[in-house]
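A.B. asks: Quick one: this structure, given as structure tokens, is what I'll be asking you about.
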Amino acid sequence: MDETVVEYIRRTVLKIPRDKIKAVLQEWDFLSEKQLQTIKFNQIKENISYDVAQLCEENFADIKQAAILDIIYNYTYPNKRLWSVYQMRKTGGGTETFDLQVLKKKFKRQLRSVLKNVTINFREYEDSAIWIRIAWGTPYTKPNQYKTSYVVYHSQTPYVFISPSVLKSNLPLLCQALVVASNYHDICAMELRSHSLNSLKDIVFKTYSQNFQTYCPKPIQERNVAPESEDLRIIQENRSEKERIKRLNREVFGDGPQPQLEFAQYKLETMFKSNPKMDVLDKEPFRCLVKFSSPHLLESLKSLAPAGMADAALSPLLTCIPHKARNYFKIKEKKAFSPESFVTR
């Protein structure tokens, strides 16, 4: 049998936390219970991986079995990869009956019509998620099992979650195969990325609670400002301010936990303004990039005002991330309006 398959299985086992290896192998269901009992799961992972590899060699494991184990690992630990959200579109209305076998057949046929050296594996889960694993080769090389693309597609929805391979040239081939297999006509990136696959699903499927942009700041003169001559009661004032911040935070973020995103990126394009008669500034647009990053960006933003680090409420450019389902923005000036007006794309 192919020794590279056994080595790939061994390396996959090494990625699994030691206390979870047995559970993952049981879900894999390639080794018998009797074989699993021969493995000492309390030893170091290196030794466990060699014991598993030896048993797989005895069972004549092939690349299909190795790929299934890899899918189970990535399903169990999806946050190890960076995921991008894509949305598919079709012309006309109506729903079609979903057939997984038809999707598999069309996907494989479309992809292999343009690239012969590719391995494709599927696994369906109870939440109607179809996991697709693709290992890419070239016209002259075998598929590289260590550089794979992953696709998570929920049937009867237009959303696809993709963790692409290193080769960006393969992404158009993958997208075209998805469109053909799922009977859509177009696919486009939503500019929404995160390591947390579940949070991306929460955003696009609207499965978490949040109130969007219900707060409109009042003009300064309309806000409650105590006269200077008034005897301020500091404790009461602080309590009122905290209640105000809490209320505004609830109006913008809601009461529940926020989806986990690690970053938000803003590209700004604007023009320097000067007297037209002087003509001293370059007419080329000025560009800059601002990136906010945090292990949990939205929760961090939510905590800024209560911590006294920002005014309530925050800028809509920050709080609109889940509502617009994107964390990549391009900000340009509205040419038809005043120079102070901007538009996000």
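A.B. asks: I'd like the residue in segment 269-290 that is among the basic types (Lys, Arg) and closer than 26 Å to residue 317 by Cβ and, out of all such residues, is modelled with the lowest pLDDT.
C.D. replies: Applying the filter and picking the extreme gives 273.
A.B. asks: What's the number of the condition residue 334 fails, among (1) surrounded by fewer than 15 Cβ atoms within 10 Å (Cβ to Cβ); (2) basic (Lys, Arg); (3) at pLDDT 90 or above?
C.D. replies: If we test residue 334 against (1) surrounded by fewer than 15 Cβ atoms within 10 Å (Cβ to Cβ); (2) basic (Lys, Arg); (3) at pLDDT 90 or above, just (3) comes out false.
A.B. asks: Which numbered condition trips up residue 164, out of (1) at pLDDT below 95; (2) surrounded by fewer than 17 Cβ atoms within 10 Å (Cβ to Cβ); (3) more than 18 Å from residue 321 (Cα to Cα)?
C.D. replies: (2)
A.B. asks: With the structure loaded, tell me whether residue 73 is buried (at least 16 other Cβ atoms within 10 Å of the Cβ) and of a type outside the set (S, T, N, Q) or whether it fails that test.
C.D. replies: Yes, satisfied.
A.B. asks: Turning to a different aspect of this structure: Out of the residues in segment 60-75 that are touching a helix residue (DSSP H, G or I) at 6+ places or on another chain (Cβ under 8 Å) and of a type outside the set (A, V, I, L, M, F, W, C), state the one that is nearest to residue 15 (Cα to Cα).
C.D. replies: 73
A.B. asks: Looking at 208, 125, 140, which is the one that is more than 28 Å from residue 8 (Cβ to Cβ) and surrounded by fewer than 16 Cβ atoms within 10 Å (Cβ to Cβ)?
C.D. replies: When all the criteria are applied, what remains is 208.
A.B. asks: Residue 65 - would you say it is polar (S, T, N, Q), in contact (Cβ under 8 Å) with a residue 24 or more places away in the chain and surrounded by fewer than 20 Cβ atoms within 10 Å (Cβ to Cβ)?
C.D. replies: Yes.
A.B. asks: Can you tell me which of (1) in the same structural domain as residue 153 (by TED's automatic domain parsing); (2) part of a helix (DSSP H, G or I); (3) surrounded by 15 or more Cβ atoms within 10 Å (Cβ to Cβ) is the one residue 105 doesn't meet?
C.D. replies: Result: residue 105 fails condition (3) only.
A.B. asks: Which ones in segment 30-50 are out of contact with any Phe, Trp or Tyr (no Cβ under 7 Å at 6 or more places or on another chain) and outside any loop (DSSP other than H, G, I, E, B)?
C.D. replies: Across segment 30-50, the qualifying residues are 33, 34, 35, 36, 37, 45, 46, 47, 49, 50.
The values are calculated or read from the model by the stated rules, or taken from the named source; none is laboratory data. This structure is a prediction, so every number in the text was calculated from the model and none was measured. Note that each Cβ is placed from the backbone with ideal geometry, even for glycine, and that neighbours are counted across all protein chains shown.
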